[in-house]
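Down below is the structure, laid out as structure tokens.
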Amino acid sequence: MKKTISILLGALLLLTGCNSVLEKTPDGQITLDKVLSNQSRSQGLISAVYGEVYTGRDQVSFVMNTFDCLTDNAFWAATYDAYEWHNGQLSLSNPVIKWSWSSPSEQLWPDFWRGIRLANNAIKYLPQSSALTQQEIDRWVAEARILRCWYYMWLLEFYGPMPWVEEPFEATYSGWGSLTRPTVDWLADKISSEVMDVVQSGILPNRQAASEAMHVDNGVAKAIRARVYMFAASALYNPEKNRERWQKAADAAQDVLNMSEYDLVPMSDYKKLFVSNFTDEIPEIIWRSWSDNSHINNTNAVDVGNYPYASINHIWNCGESPTQELVDCFEMTNGALPVTYNDDTHLSVTVTPEAAALGYSEEPGGDPYSNRDARFYVDILYNGADYGVPYNCTQNYIIDTYVGAANGFNDVISQETQRSCTGYYSRKDKYVDFWGPSGGWGKTQVCWVFFRLAEFYLNRAEALCELGDYENAVRALNKVRNRAGQPDIEDVPGYEASYDFLMPRIRNERRVEFCLEQGRFMDQRRWKILSQTNRFVTGMRITKGDDGKFSYERRKIRDYQSYTDKYLVMPIPLDDAKKMVGMTQPEAWQ
């Protein structure tokens, strides 16, 4: 009997079946020999593996929510998934992160497992193809092995370590109850062994040519390895601070940094990391989405439709609105943090002397937005910011966020809105000339960055700080700081070569460098700081007096219930947990 590849539906079948997303024959099936004797169908085995990679930054969490909206970096108004998440509604039967109009509606868990299954299909069946050259087989099998590690990395970050599966399970497989969780050490070493075996084989290049940039390479392989070791070394899985784990994390990060094919871009090109065409060669980018995310200007940005000099369409939603907590993380140009919190509400602050010396003030008529870290002006739109000139226009669009202004503060948080509820708008991967009169717009692309070199400088800085090697930790940290024009960390006010001083600043640097890129979601978990950071968020409500002076009021936006240990590691969904009885749920869900 001929073996067939069927289109299977449902999360469990997607996990277990030996199937394909190739086009079906009229009877809904295609025989395996017809796949393997045809070049394009054989290539479809690896294309299907890439097809499960999330390529839209605001299309993973429902209704264009970004993952930063599930953290203290950004706030999303309305009663969609971010609202449910922060209301504490995550449960065994409600994964929250889902697309309700899709079937199955759940994201993450079934998608990652589907990616692993499709990778296993490719690894097993590509070598049997009579339509491919040996070079094509070797390359695509190597890519499938790296992509399998990619999906295991995502599973680890959300659900914890998962059993390693190398064979496509047949639909008749009945051994689900025998599957057990490996230790995080075992899985990290397994992923390391897998990717380094591919790297050392010499099959893949260190960096793909621009025409092949969608495909994984040795840079991606080493980046996966480094991120996994970092996760395994962190407090979530390493509360005893095992030094061997931190050394592995430091060494894996250095392996990425040693690759001559990658380099930090200068600050003058920083925006190109987030807004540039996919085929543009950006030396810092290791891997990024091949799908244009420019629509994010319509779902998570400022409403340029209020432009007074031409008729421009209004946006659907301002979406992710940066919080005051995030804004407070951006240093002054002298390296000082702008404020310290006087209490746990974040509503009463003391301006640091070094910030006051550069003009920082939240008093009436003051200015809290001058002389800040250069990344602040790339990432955040604030009251008085110059957003630039819309497409096919001549006048600059100035952002006014004070109450009553075109982009003014919105006090209503229960529905989606075109005006920010925090007093700030996201700018990082947005650009004003996406918009123009009569529906015209610029054509620059927005491609979500999966890995870029700066991450591994900060990974190494963190790992070395945990190891007590402050000198080299500082050296790695300063590479990222200096690129932004910030002074060496040794030159900032109050510097001490100590863990208690350096680690908070390394974490702050990471938050600033990767804000609105989705990294904060994972960092909060691996550091186990949800209970300190995810209880509420605040914004800046600005009013304009008759004298033209601005007054500043820090205001709580809403309380959150997404800070308990149940939010550190997501549970195995109920239906699959009933079948995978040998798998333990995370401790908080037992």
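What to note about this one:
- The calculated FRET efficiency for residue 201 paired with residue 350, based on their beta-carbon distance and R0 = 51 Å, is about 0.35.
- Rounded to the nearest Hz, the phi-derived 3J(HN,Hα) couplings of segment 308-322 under the Karplus curve 6.51 cos²θ - 1.76 cosθ + 1.60 (θ = phi - 60°) are x, 9, 6, 8, 10, 4, 7, 6, 6, 7, 6, x, 5, 10, x, where x marks glycine and proline.
- Per-residue HN-Hα couplings for segment 229-244 [Karplus 6.51, -1.76, 1.60; θ = phi - 60°; Hz; x = Gly/Pro]: 5, 5, 5, 5, 7, 7, 4, 4, 10, 9, x, 7, 6, 4, 5, 4
- Under 5 Å from the amide H of residue 349 lie the amide H atoms of 342, each residue being 5 or more positions distant or on a separate chain, with H modelled from the backbone and absent for Pro and chain starts.
- Modelled this way, with points 7 Å down the Cα-to-C-beta line, the labels at residue 137 and residue 590 are 4.6 nm from one another.
- Protein accessible area in segment 299-396, 1.4 Å probe - carbon and sulfur %: 49
- Heavy-atom surface of segment 501-590, accessible at 1.4 Å and reported per residue (Å²): 41
- Annotation: extensible slack from residue 33 through residue 170 equals 47.6 nm (criterion: 0.36 nm per residue apart, minus Cα-Cα distance).
- Relative contact order [Cα under 8 Å, 6+ residues apart], the chain, whole percent: 18
- With each label modelled as a point 7 angstrom along the Cα→C-beta vector, the residue 263-residue 40 pair spans 4.2 nm.
- Amide proton proximity set for residue 557, modelled H, under 5 Å, gap of 5+: 537, 538, 539
- Three-way shape label, segment 339-461, alpha-carbon gyration tensor, a/c 1.5: oblate
- Projecting the Cα atoms of 522, 552, 542 onto the charge dipole of segment 497-559, computed from C-beta unit charges around the Cα centre, puts 522 farthest toward the positive end.
- Which labelled figure in [x] 25.2; [y] 30.7; [z] 29.2 is Kirkwood radius over Cα pairs in Å, once derived from the coordinates: [x]
- 3J(HN,Hα) couplings calculated from phi for segment 214-221 with the Karplus curve 6.51 cos²θ - 1.76 cosθ + 1.60 (θ = phi - 60°) are, in sequence order, 5, 7, 5, 9, 5, x, 5, 4 Hz; Gly and Pro show x.
- The magnitude of the dipole of the chain, with charges of +1 and -1 set on the Cβ of Lys/Arg and Asp/Glu and taken from the Cα centre, is near 1300 debye.
- Relative to the Cα centre, the charge distribution of segment 318-376, modelled as +1 at Lys and Arg Cβ and -1 at Asp and Glu Cβ, gives a dipole magnitude of about 200 debye.
- Residue-count net charge about residue 356 - beta-carbon cut-off 13 Å; Lys, Arg +1, Asp, Glu -1: -4
- Prolate/oblate/rounded call for segment 183-259, Cα gyration tensor, a/c under 1.5 rounded: prolate
- Per-residue surface analysis assigns residue 145 an accessible area of about 50 Å², computed on protein heavy atoms at 1.4 Å probe radius.
- Rounded tilt (10° steps) of 39-50 against the dominant C-alpha axis of the chain: 40
- Ranked by how many other beta carbons lie within 10 Å on average, peptides 357-364, 376-383, 60-67 from highest: 60-67, 376-383, 357-364
- Solvent-accessible area assigned to carbon and sulfur over segment 213-259 amounts to 46 percent, based on a 1.4 Å probe.
- Percent carbon-and-sulfur accessible area, segment 484-578, ignoring ligands, DNA and RNA, probe 1.4 Å: 44
- Under-5 Å amide H pairs with residue 339, H placed in peptide plane, nonlocal only: 352
- Nearest-ten-degree value, helix 470-483 long axis tilted from longest Cα axis of the chain: 70
- Charge sum, other residues only, whose C-beta stays under 15 Å from residue 586's C-beta, Lys/Arg counted +1 and Asp/Glu -1: +1
- Surface exposure of segment 168-275, expressed per residue as accessible area with a 1.4 Å probe, stands at 42 Å².
- Relative contact order, whole percent, for segment 386-480 stands at 20, derived from Cα pairs under 8 Å and 6 or more residues apart.
- Ranked from largest to smallest solvent-accessible area, with a 1.4 Å probe on the protein heavy atoms, 98, 566, 248, 578 come out as 578, 566, 248, 98.
- Partner lysines whose Cα lies under 23 Å from the Cα of residue 248, excluding those fewer than 8 positions away in the same chain, are identified as 190, 222, 479, 528.
- Two-site label geometry, residue 189 and residue 214: point separation in nm, points 7 Å out along Cα→Cβ: 3.8
The values are calculated or read from the model by the stated rules, or taken from the named source; none is laboratory data. Everything numeric here is computed off the predicted structure, so don't read it as measured data. Neighbour counts are summed over all protein chains in view; Cβ atoms, including those assigned to glycine, are modelled from backbone coordinates with ideal geometry. The area values use the complete protein model at the heavy-atom level, side chains included, leaving out ligands, DNA and RNA. Shrake-Rupley method; radii C 1.70, N 1.55, O 1.52, S 1.80 Å.
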